[in-house]
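The values are calculated or read from the model by the stated rules, or taken from the named source; none is laboratory data. None of these values were measured; they are calculated from a predicted model. Positions of Cβ are generated from backbone atoms using ideal geometry, with glycine treated the same way; all protein chains shown enter the neighbour counts. In case anyone asks, the SASA skips ligands and DNA or RNA and just uses the protein heavy atoms, side chains included. Shrake-Rupley method; radii C 1.70, N 1.55, O 1.52, S 1.80 Å.
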Amino acid sequence: MQLTINGKTRQIEAEAGTPLLWVIRDELGMTGTKYGCGAAQCGACTVLVDGQPTRSCVTTVETVADQPVTTIEAITDDPVGRRVVAAWVAHQVPQCGYCQSGQVMAATALLKQNPGPGDEDIASAMVNLCRCGTYNAIAAAVRQAARG
């Protein structure tokens, strides 16, 4: 099976039903996408599939075979992703950092779909869990990234 990940076509050996997360981490060695809860609740495993935030821990590899997948490793290749990462650094969002790749992916997807989100839009889109409770810093970083 072939996947397009971060703009490159890759030959994958995984069996049908394998979660996309395990292919990204174990087969391709891209460890920026994290395993959190394994139940699509926390969002640590968020990647973009055709631009949509997707929980890779419950998404089977065969369901994304014909769609582009973007991981945290390539997010700064995108101008919106680059702004999000710069805002994350400016606001010193990460504490333990475990959830941050998923948070950045969700924020990038939000700003690509809605370049000028209000506070309610941000609250609705940024539903990933952060065990350090950096939600205020995350919202501030999203607002800054939206301003450019």
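See the values below:
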| quantity | calculated |
| --- | --- |
| Close pairs from region 1-12: first without any contact (Cβ under 8 Å) to a residue 12 or more places away in the chain, partner part of a loop (DSSP other than H, G, I, E, B) and among the small types (Gly, Ala, Ser), Cβ under 7 Å, at least 6 apart | none |
| From the options ASP78, ASP66, residue that is open to solvent by less than 70 Å² (accessible area, probe 1.4 Å), out of contact with any His (no Cβ under 6 Å at 6 or more places or on another chain) and either farther than 22 Å from CYS132 by Cβ or at pLDDT 95 or above (or both) | ASP78 |
| Cross-chain or 6+ apart pairs with Cβ under 7 Å, region 120-146 first and under 12 Å from ALA90 (Cβ atoms), then of a type in the set (Phe, Trp, Tyr) and in a helix (DSSP H, G or I) | ALA141/TRP88 |
| Residue within region 90-107 that is surrounded by fewer than 22 Cβ atoms within 10 Å (Cβ to Cβ), in contact with a Leu (Cβ under 7 Å, 6 or more places away or on another chain) and aliphatic (A, V, I, L, M) present | no |
| The one condition in (1) small (Gly, Ala, Ser); (2) without any contact (Cβ under 8 Å) to a residue 60 or more places away in the chain; (3) outside any loop (DSSP other than H, G, I, E, B) that GLY97 fails to fulfil | (3) |
| Cβ pairs under 7 Å, 6+ apart, first in region 16-45 and open to solvent by 30 Å² or more (accessible area, probe 1.4 Å), second among the acidic types (Asp, Glu) | ALA16/GLU62; GLU27/GLU13 |
| Breaking point among (1) crowded, with 16+ Cβ neighbours inside 10 Å; (2) under 17 Å from CYS42 (Cα atoms); (3) over 13 Å from the mean Cα position of the chain (by Cα), for ALA145 | (2) |
